[in-house]
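**Q** The structure is given below, and queries will be raised subsequently.
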Amino acid sequence: MFGTLFTKTSTRTRTAFSMAVMKLGGDLIGFGPNDLQTNTGEPWEDTARVLGCMLDGLFARTAGPLADLCVFARLFSPVVNAMLEEEYPTQGICDLAPIPAG
């Protein structure tokens, strides 16, 4: 079971990751900006620890800095950076995915 954490709007990135998990036979649960208890004051560390016990991996696209994602990466593996304030390392993969072979 994989999770997606998208606190920013997304069309192509969310669809690309969701389709990748499904095509590989996995299941997916999505979290939006209002779905986690971090909105009520729960520390990111607690959220990461709990999700790490329940999920096999997490794709995260947040409006926050890299430091927020590093909290998850310390307590939960694997975490895939689907976009942060500072970087967008998976853009190339998402751009190449819909190009037909041949």
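What follows is calculated from the coordinates using simple rules that are stated; it is not laboratory data. Since we're looking at a predicted model, the values are computed, not measured.
**Q** Read phi for every residue in segment 21-33 and hand back ³J(HN,Hα) as whole Hz from Karplus 6.51 cos²θ - 1.76 cosθ + 1.60, θ = phi - 60°, with x for Gly and Pro.
**A** For segment 21-33, the Karplus curve yields 5, 5, 5, 8, x, x, 10, 9, 10, x, 10, x, x Hz.
**Q** Check which residues have an amide H placed less than 5 Å from Phe2's amide H, if you skip close sequence neighbours.
**A** HN-HN under 5 Å from Phe2: Asp27, Leu28, Ile29, Asp56.
**Q** Taking amide H positions as placed 1.01 Å from N in the peptide plane, with prolines and chain starts having none, which residues 5 or more places from Ala82, or on another chain, fall under 5 Å of its amide H?
**A** Excluding prolines and chain starts, which carry no amide H, the hits are Ala60, Arg61.
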